[in-house]
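J.: To start, I am sharing the structure in question, which I have written as structure tokens.
The values are calculated or read from the model by the stated rules, or taken from the named source; none is laboratory data. It should be emphasised that the depicted structure is a prediction, and the values quoted were computed from it without experimental measurement. No Cβ is skipped: glycine too gets one built from the backbone with ideal geometry, and neighbour counts run over all protein chains shown. Side chains included, ligands, DNA and RNA excluded: accessible areas come from the protein's heavy atoms. Shrake-Rupley method; radii C 1.70, N 1.55, O 1.52, S 1.80 Å.
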Amino acid sequence: MELLRSNLSRVRIPEPTNRIYKQECCISFDSPKSEGGLFIDMNTFLAFSKECVIWNYEKTRNPVYLHIKQTKKSIPEDRPLKKPTRLAIGLDGGFDNNEPEYEETVSIVILPDFVSLPFPSVELPEKVRLAVDAILLADGAERKEQLASWIADKKQVSAFATNLQQIDDGVVIPRSGWKCCKCDKTDNLWLNLTDGMIFCGRKNWDGSGGNNHAVEHYKETNYPLAVKLGTITADLGAADVFSYPEDESVEDPLLAKHLAFFGIDFSSLQKTELTTAERELDQNTNFDWNRIQESGQEMEPLYGPGYTGLVNLGNSCYLASIMQVVFSTQSFCSRYYKNQNLKLAFETAPADPTLDLNMQLTKLGHGLLSGKYSIPAEEKADIARSTTPIKQEGIPPRMFKAVIAASHPEFSTMRQQDVLEFFLHFLDQVERANAVKPELDPVKSFKFGIEERLLCSSEKVAYNKRIDYILSLNIPLHEATNKEQLEAFLKLKAEKSLEGKEVSGDEIVRPRVPLEACLATFSAPEEVQDFYSTALNAKTTALKTAGLTSFPDYLVLHMRKFIMEGWVPKKLDVYIDVPDVIDISHMRSNGLQAGEELLPEEVAGVRNVEPGKPSPNEDIVSQLAAMGFNYLHCQKAAINTANAGVEEAMTWLLSHMEDPDINDPIEHTSDQPFVDESKVDTLVSFGFSKEVARKALKASGGNIENATEWIFSHPDGSDLDMDATSSSPSCAADAGLPDGGGRYKLKGIVSHIGTSTHCGHYVAHVHKDGRWVIFNDDKVGASIDPPKDMGYLYFFERLNS
């Protein structure tokens with residue numbers, strides 16, 4: 001006790017704004033449930049495992065710690081299984097997540113000799129008692145960043161239910177035999193509660209569902225509420241009622257009265273249809289879901305070094321799938337595991353290691369690759385009698401997610417994200433973190449150069465070059481190898497549609513496109529219209545081809561499965577036949593060739609004019625663009641009306657749509673508008689030169705997304721950051737890029753299940769130790785049938801000759 005009193009100056013009572021860690025070690029994934037428990041520094045409120053707490057003492061000389069140890073309580077063997085009555089996890093009435101109960105013990109520990117004092121104790125100094133109470137009562141920093149228990153949104157009472165007007169036209173709904181009033185559909189039928197008309201539901205993205213007749217009826221009549229026939233039973237609360245003006249499933253407290261108006265006795269009806277919520281939950285019966293997750297397979301669970309799962313923090317599967325593949329590469333394994341130990345990373349980290357990307361990547365690398373946390377979860381009472389293999393508990397990447405997402409408004413949310421966007425953001429952050437010692441940067445193993453050759457009608461050429469991390473490929477559906485089967489399937493689908501039926505899952509035929517055909521689209525010649533030739537001083541048509549100036553250690557292929565049809569995003573339902581080994585040697589670009597003449601160096605399409613014209617106001621441009629107008633046209637409208645306002649700009653735009661120069665590039669004035677340098681740096685990180693980045697930002701009013709589109713749509717105006725006159729792939733701009741042969745072996749696959757990159761689920765498959773392994777969040781097992789033809793991202797490892 002005297003030792004504690006002598007160190008009271010190192011004890012702080014936490015303020016409400018202090019971040020208190022008490023669920024997980026800042027350096028490892030140990031928790032209060034671990035063998036040594038967790039030690040909370042009573043000065044900084046950071047938490048450490050028993051192994052790591054001594055490192056913190058040596059670094060900070062903070063001696064007083066709150067030790068929390070949780071021990072599992074025994075569970076009676078005869079504990080009954082609970083049937084869920086609510087669509088929730090971990091809440092009363094929801095799915096039982098089988099979490100065991102723990103008994104918690106707390107004590108005060110003084111380092112370096114680990115002197116322990118019991119808590120609670122009246123002998124403890126008041127300052128210590130107040131500090132401990134505040135720590136124990138506070139919500140942990142990890143908890144604040146963690147997703148709350150998942151539960152489907154509770155249906156709200158419709159604003160249109162109470163005063164719903166019903167039309168008495170003598171309509172009486174029979175007990176069965178329903179059919180859409182406008183087509184032959186006999187399922188997915190909705191009864192409008194105003195006039196008693198029955199129509200089919202919406203058509204799904206894949207062609208299934210109804211023919212949109214119910215929603216079309218609403219648009220014609222504005223009758224707001226409809227109930228799905230087949231979901232009406234004695235339990236009226238489970239009936240599926242949809243409100244069109246509110247655009248969501250709702251609760252109708254007067255549903256019994258509204259049904260009785262049309263002669264429906266709900267008490268004797270049986271359930272024959274899935275509700276909207278049930279159909280969403282039923283996605284695990286979908287073919288893609290089962291195939292990608294290898295559901296139904298007797299999968300062997302895997303444990304040990306390199307086979308550690310990641311706990312889903314709530315829509316974090318995009319992060320988990322990428323990190324499993326990334327840490328299977330030699331570059332990241334060496335940088336953050338083999339050549340970087342936890343103690344060294346902590347010693348070089350700032351005062352708060354939870355905010356240091358290098359520390360958290362090292363923590364994650366050791367967590368995934370050491371095997372320390374890859375052990376079977378202890379059997380729980382509810383699954384002890386099950387024949388299902390016991391999965392591991394996995395590690396929660398909370399701190400890593402918090403630090404990698406800190407600078408990104410979307411990744412810091414709990415919403416689902418595009419795995420490609422996250423991968424590029426991740427590489428950018430890691431590259432920045434290693435800027436002081438670029439020789440240690442593992443990101444360079446993904447870097448490669450792309451060279452575009454532009455041949456204009458003058459027979460002169462231009463070479464534009466850039467750095468990239470992924471090769472994004474179009475999918476040429478016309479190159480499908482199973483066209484006969486596709487034609488037969490489409491014929492069958494049309495016939496069944498006429499009969500009001502849908503094709504079954506095992507009847508569906510998807511196009512099969514070889515990966516070679518996708519790679520060919522990248523290198524294929526492409527016409528560039530309205531190319532401004534500095535040799536001709538006029539617009540002409542140029543021929544563009546592309547190739548790689550270097551071959552990276554790891555080649556990442558992105559399959560463009562998500563396309564836009566008009567304003568509607570659509571996912572291509574297609575298989576890609578991907579071989580285990582590919583050879584892209586033929587895709588190497590060799591720069592300026594003998595006998596070729598370069599176009600004059602003047603940047604095409606940009607002419608200096610008299611000063612005085614303003615830069616376009618981004619607010620005006622954005623509002624016009626949101627109405628569907630061409631972005632360049634919107635900029636011109638803002639400029640030519642001196643940014644007077646949206647109405648003035650629209651008036652100008654509508655009267656100048658047919659101007660012959662409406663599509664010409666915007667002329668730059670000698671008065672250069674202000675450009676945000678942070679946005680310039682962002683574009684530079686994408687591989688563009690500062691000059692091009694500034695030009696694009698000026699042309700797009702400072703919007704990064706529009707600037708990126710401007711660069712790719714103006715090859716004649718984008719003088720990128722590699723030497724345009726180089727005749728060798730080993731030019732100065734390529735210096736430092738890895739290079740080698742063009743033969744690659746398939747190393748990893750990230751697959752997506754769902755209709756959009758911002759919903760659904762991501763799963764990773766990685767080839768390691770001579771076999772394919774599936775990483776599905778915290779589930780890790782030997783893959784029996786890896787979905788090589790269903791990938792969204794493919795990771796290839798270069799084969800050394």
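Conditions tested, residue by residue: (1) at pLDDT 90 or above; (2) among the acidic types (Asp, Glu).
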residue	(1), (2)
370	yes, no
373	yes, no
377	no, no
382	no, yes
387	no, no
390	no, no
397	yes, no
400	yes, no
409	no, no
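J.: While we're looking at this one, here's another question. Give the number of residues within segment 487-520 that are in a helix (DSSP H, G or I) and in contact with a Ser or Thr (Cβ under 6 Å, 6 or more places away or on another chain).
T.: Counting residues in segment 487-520 that are in a helix (DSSP H, G or I) and in contact with a Ser or Thr (Cβ under 6 Å, 6 or more places away or on another chain) gives 0.
Here's the yes/no breakdown for (1) open to solvent by less than 10 Å² (accessible area, probe 1.4 Å); (2) part of a loop (DSSP other than H, G, I, E, B); (3) modelled with pLDDT of 70 or more:
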| position | (1), (2), (3) |
| --- | --- |
| 702 | no, yes, no |
| 705 | no, no, no |
| 709 | no, no, no |
| 716 | no, no, no |
| 757 | no, yes, no |
| 763 | yes, no, yes |
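J.: From the list 49, 28, 34, which residue is assigned by the TED database to the domain that holds residue 128, modelled with pLDDT under 95 and surrounded by 17 or more Cβ atoms within 10 Å (Cβ to Cβ)?
T.: Criteria check complete, one pass: 34.
J.: Being modelled with pLDDT under 85, among the aromatic types (Phe, Trp, Tyr) and part of a loop (DSSP other than H, G, I, E, B) is the requirement here; does residue 205 meet it?
T.: Criteria met by residue 205.
J.: Quick one: count up the residues across segment 592-620 that are of a type outside the set (S, T, N, Q), part of a loop (DSSP other than H, G, I, E, B) and modelled with pLDDT of 50 or more.
T.: Total satisfying the criteria: 12.
J.: Okay, moving on. Do we have any residue at all in segment 432-452 that's open to solvent by 80 Å² or more (accessible area, probe 1.4 Å), touching a residue at least 12 places away in the same chain (Cβ under 8 Å) and more than 19 Å from residue 331 (Cα to Cα)?
T.: no
J.: Would you check if residue 19 is open to solvent by 80 Å² or more (accessible area, probe 1.4 Å), closer than 22 Å to residue 113 by Cβ and either charged (D, E, K, R) or not assigned by the TED database to the domain that holds residue 105 (or both)?
T.: Taking the combined requirement at face value, the residue does not satisfy it.
Quick grid of which residues meet (1) open to solvent by 40 Å² or more (accessible area, probe 1.4 Å); (2) not hydrophobic (A, V, I, L, M, F, W, C):
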site: 321; (1), (2): no, yes
site: 328; (1), (2): no, yes
site: 332; (1), (2): no, no
site: 337; (1), (2): yes, yes
site: 341; (1), (2): yes, yes
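J.: Continuing with this model, one more query. When segment 521-562 is examined, which residues are found to be modelled with pLDDT of 90 or more, part of a loop (DSSP other than H, G, I, E, B) and either over 29 Å from residue 739 (Cα atoms) or open to solvent by 30 Å² or more (accessible area, probe 1.4 Å) (or both)?
T.: Matches in segment 521-562: 524, 525, 553.
J.: Please work out if residue 59 is closer than 14 Å to residue 352 by Cβ, touching a residue at least 24 places away in the same chain (Cβ under 8 Å) and surrounded by fewer than 21 Cβ atoms within 10 Å (Cβ to Cβ).
T.: Judged against the criteria, residue 59 is a match.
J.: Something else: Kindly provide the set of residues from segment 518-535 that are among the hydroxyl-bearing types (Ser, Thr, Tyr) and more than 28 Å from residue 583 (Cβ to Cβ), ordered by number.
T.: 532, 533, 534 - these are the residues of segment 518-535 that are among the hydroxyl-bearing types (Ser, Thr, Tyr) and more than 28 Å from residue 583 (Cβ to Cβ).
J.: From the list 507, 526, 451, 495, exactly one residue is out of contact with any Leu (no Cβ under 8 Å at 6 or more places or on another chain) and either in the same structural domain as residue 400 (by the TED database) or not aromatic (Phe, Trp, Tyr) (or both). Which is it?
T.: Answer to the selection: 495.
J.: Shifting gears a bit: With the condition kept exactly as written, say whether any residue in segment 316-323 is in the same structural domain as residue 368 (by the TED database), within 30 Å of residue 509 (Cβ to Cβ) and modelled with pLDDT under 65.
T.: no
J.: I'd like to verify a number: residues in segment 18-76 that are of a type in the set (Val, Ile, Thr) and in a strand (DSSP E or B), how many?
T.: Selection size over segment 18-76: 4.
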